[in-house]
Amino acid sequence: NAGVTQTPKFRILKIGQSMTLQCAQDMNHNYMYWYRQDPGMGLKLIYYSVGAGITDKGEVPNGYNVSRSTTEDFPLRLELAAPSQTSVYFCATQPFKGRTDTQYFGPGTRLTVL
Amino acid sequence: AQTVTQSQPEMSVQEAETVTLSCTYDTSESDYYLFWYKQPPSRQMILVIRQEAYKQQNATENRFSVNFQKAAKSFSLKISDSQLGDAAMYFCAYRNSGGSNYKLTFGKGTLLTVNP
C-alpha cells in the first residue's frame, strides 16, 4: 500500500514550458486535491475532485488544468509556466466517508520556473 | 470565507520543556473541524491532532494536546516534553463539516525550533 505518490520529486522548467505533475493513490479515496505551498506560506487549494470525471476550481486555479479519468490518478497540468508558479505542490486524498476523516498528503513536488 | 491566522512565525523551546503554538480562525459555521499538521524538513505533511467543533473536550494525542475555545475561535497546540524530533513547521487548518469538497484552509505556519 503506497498511499499517495507524486512524480517527479523535483523539476526545473523554463518560462513558457509545460509539464504534468502526476498524483496517484491506491487507497480508493474519492476525494483528491492539489495544493501549492509558496515559501513561508501555508498551502492553498488549486483544484479538487470529488470523484472520477468531476473536478472543480479551488482558490488559485489560474495557469493550471486537471483531469480525473480514474479514481486512482489526478494529474495537474501547467501550461506556459511562469516564475510565479515556482512552488511546492502537494496532492492529497480523502475517503468519501470522510466527514470525520482527514486528508492524506503525498510527499510533494518542488517546481522551479526560471 | 474562512480564514486561519497563526500569529507566531517562529517559536523555540528547550528539549523536555513545554511549548504552546497559537491559532485563531474566522468562520460563521457552527460545525467544523480543526487540525494541526506537522511539516518536517522532508516536507511531508503529517497530521498531529484533530478537533471536532461539536465536542467540548479538548483532543489529546500522547504529548500533544489542544486548547479549543470555540467562542473565542482559538485553537492552540501544546507540546509537552518537547523532543528534538518535534522541530518542524506546524500548520493549523480548518475544514467545514458539510459542503461538497471538505477542502482545508491553512494558516501560514509556525516554525518550531527545539534546542538541546
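Laboratory data are not the source of any read-out in this text; all were calculated from the coordinates shown. Quantities reported herein were computed from a predicted structural model and do not represent experimental measurements. Methodologically, a virtual Cβ is constructed for each residue, glycine included, from the backbone with ideal geometry; neighbour enumeration extends over all protein chains shown.
Set side by side, the residues B:65, B:12, B:30 differ, and just one is assigned to a strand (DSSP E or B) and more than 29 Å from residue A:110 (Cβ to Cβ), which is B:65.
Kindly check whether there is at least one residue in the stretch B:99-115 that is in a strand (DSSP E or B), exposed (fewer than 12 other Cβ atoms within 10 Å of the Cβ) and of a type outside the set (Ser, Thr, Tyr). Checking the stretch B:99-115: at least one residue is in a strand (DSSP E or B), exposed (fewer than 12 other Cβ atoms within 10 Å of the Cβ) and of a type outside the set (Ser, Thr, Tyr). Taking the criterion of being touching a Lys or Arg at 6+ places or on another chain (Cβ under 9 Å) and within 8 Å of chain B (Cβ to nearest Cβ), the residues of the stretch A:100-109 that qualify are A:100, A:102, A:103, A:107, A:108.
Considering the stretch B:61-81, the residues that are among the charged types (D, E, K, R) and farther than 15 Å from residue B:49 by Cβ include one that is surrounded by the fewest Cβ atoms within 10 Å (Cβ to Cβ), namely B:81. Among the residues of the stretch B:56-65, is there at least one that is at positive phi and within 16 Å of the chain's Cα centre (by Cα)? Yes, some residue in the stretch B:56-65 is at positive phi and within 16 Å of the chain's Cα centre (by Cα).
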